[in-house]
Structure formats: C-alpha cells, structure tokens
Amino acid sequence: MNAEAIRTRAVAMMTGKPEHPCEPGYRLHHGQRVETLALEIAEREKLDVCRERLAIGALVHDIGKPDCAKSESHAVKGAEIVRSDFADLMDAEELEAVAQIVLHHYDRPNSIWFEGKEKPEWTPDILLVQDADVLDHFGVPGIWLTLHWATHKNFTPSQTITEWFTSEYMCSWRREARRSLNFQTSRRLLELRIAQMDDFFRRLK
C-alpha cells in the first residue's frame, strides 16, 4: 500500500467538494477527524489492526457522498470509487479491505435498523470506523454542525438551543448514537462529547 500517494489522491479528490449546507470540503475534514478517532479507539481498546489500512479506510469512508445522487447509497458509491480510483496504489487484498470499510461504515450492528434481524459480523476495522463516524457528529464538531445547520434554517439562538435539547430529531439521534456504538471506549467518548455540547448550549442561553 502506497499510503502517502493514496492520501494525496484522496485529499485532491475531496478538497473543496460542495456539501450543502456544510462547508465546501466537509467530507475531507470529517474524514480526517474520523481517521484520528478510529486510531485512538483502536489504541485504547488494544486492538490488533493494520493502522495504515484503518487510517485510509477512515479517511475515505465518505468519499462517495458529495457526488452521490439522492437515490444512491453513498457507501456503495464510495466503495466503487475506492475500487476504481485507487487500484493502482494497493494490492487486491488491501483494496478490498478498504472498500469494505467504506461499504459498511453505515451498517452498524447495534443500530435500530438491525433490531429483530440477524446482526452482521464485521472486522474490527469496520467497527472502528463506524464508531468514529458517529463520534465526529458530537462534541466540538457537533457544535459546528448544529450552528451551521441553524444558520441554514435561519434559526435564532433560542431556536438552536431548543433544537439541541428538545427536538425529536436530536433526541432520537442521541438515543441511536448511544445504542449503536461497538466499543466501551467509544461509549465513554460519546458521553464526554454530549456533555460538551450540553454545556455549550446552556452557556449560549
């Protein structure tokens, strides 16, 4: 795996991509944070994973999203992009492992969507990226996303506070995030990040 060349190409592909209502290039910024989080969780959980492969999979997990039609799965689109655009930089096994991370990063076994169904069994790489993806929507990045969305919706500060604490969407998202995580480290980090957001929006009052 030529990780440096893969990273250079991925950054070039995602830099400045429109992601309304988020900032241009949001999927790159999000991917970089998810990469850091996935590696941190792996280290804290003492998991035996290929850090290079995990890092690349985390970085590009949303590479299919900016160019994805509404009727398409961004995970399927992203896996197709990985297989077609990075095949010259990885061997076949590495390429498929990264493609699988991208393809299944949204298929969280503990999610409500698998309730009453047979739960999939994923590799640690996939489970780590799933958790890191969830976590990056909370804490300081979550504050940024909430304020960005509030501006898009023309919310007042008071409406934004209400949205975070009481809206059905935000309450259900917190419940789903809590139930869907795979590792104890992730659960601890989520509670810290939710507490950060609670504190910020209380201070905003």
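The values are calculated or read from the model by the stated rules, or taken from the named source; none is laboratory data. Please read all numbers here as calculations on a predicted model, not as lab measurements. Backbone-built Cβ (ideal geometry, glycine too); neighbour counts: all protein chains shown.
Can you say whether Arg53 is more than 27 Å from His148 (Cα to Cα), crowded, with 17+ Cβ neighbours inside 10 Å and either among the small types (Gly, Ala, Ser) or in contact (Cβ under 8 Å) with a residue 40 or more places away in the chain (or both), as far as the supplied structure shows?
For Arg53, the condition - more than 27 Å from His148 (Cα to Cα), crowded, with 17+ Cβ neighbours inside 10 Å and either among the small types (Gly, Ala, Ser) or in contact (Cβ under 8 Å) with a residue 40 or more places away in the chain (or both) - is met.
Which condition from (1) surrounded by 15 or more Cβ atoms within 10 Å (Cβ to Cβ); (2) farther than 22 Å from His137 by Cβ; (3) modelled with pLDDT under 95 is the one that Cys68 breaks?
Every listed condition holds for Cys68 apart from (2).
Name the single residue, out of those in segment 109-144 being surrounded by fewer than 17 Cβ atoms within 10 Å (Cβ to Cβ) and either among the aliphatic types (A, V, I, L, M) or in contact with a strand residue (DSSP E or B) (Cβ under 7 Å, 6 or more places away or on another chain) (or both), that is farthest from Arg27 (Cα to Cα).
That would be Ile112.
Pick out the one residue from Glu163, Glu93, Glu168, Glu176 that is within 24 Å of Arg51 (Cβ to Cβ) and either loosely packed, with under 12 Cβ neighbours inside 10 Å or in contact with a helix residue (DSSP H, G or I) (Cβ under 9 Å, 6 or more places away or on another chain) (or both). Spell out how you get there, then give the answer.
Values: Glu163 fails: within 24 Å of Arg51 (Cβ to Cβ); Glu168 fails: within 24 Å of Arg51 (Cβ to Cβ); Glu176 fails: within 24 Å of Arg51 (Cβ to Cβ).
Matching residue, one of Glu163, Glu93, Glu168, Glu176: Glu93.
Would you pick out the residues in segment 159-205 that are part of a helix (DSSP H, G or I), free of Cβ contacts under 8 Å to residues at least 24 places away in the same chain and of a type in the set (S, T, N, Q)?
Listed by number, the residues that qualify are Gln159, Thr162, Thr166, Ser172.
Would you check if there is a residue in segment 131-146 being more than 30 Å from Arg51 (Cα to Cα) and not charged (D, E, K, R)?
Yes, there is a match, as at least one residue in segment 131-146 is more than 30 Å from Arg51 (Cα to Cα) and not charged (D, E, K, R).
Counting only residues that are at pLDDT 95 or above and more than 19 Å from the chain's Cα centre (by Cα), which one in segment 168-200 is nearest to Pro109 (Cα to Cα)?
Only one residue tops the list, namely Ala195.
Of the conditions (1) aromatic (Phe, Trp, Tyr); (2) surrounded by fewer than 16 Cβ atoms within 10 Å (Cβ to Cβ); (3) in a loop (DSSP other than H, G, I, E, B), Phe155 satisfies every one except a single condition; which number is it?
The number of the failed condition is (2).
Right, Val82: under 21 Å from Leu128 (Cα atoms), of a type in the set (Val, Ile, Thr), without any contact (Cβ under 8 Å) to a residue 24 or more places away in the chain and surrounded by 15 or more Cβ atoms within 10 Å (Cβ to Cβ) or not?
So Val82 fits the description; yes.
Could you please let me know if Met197 is aliphatic (A, V, I, L, M), touching a helix residue (DSSP H, G or I) at 6+ places or on another chain (Cβ under 6 Å), under 25 Å from Ala42 (Cα atoms) and surrounded by 12 or more Cβ atoms within 10 Å (Cβ to Cβ)?
Yes.
Tell me which of these Tyr106 doesn't satisfy, since it passes every other one: (1) under 18 Å from Arg7 (Cα atoms); (2) surrounded by 11 or more Cβ atoms within 10 Å (Cβ to Cβ); (3) among the hydroxyl-bearing types (Ser, Thr, Tyr).
Among (1) under 18 Å from Arg7 (Cα atoms); (2) surrounded by 11 or more Cβ atoms within 10 Å (Cβ to Cβ); (3) among the hydroxyl-bearing types (Ser, Thr, Tyr), Tyr106 violates only (1).
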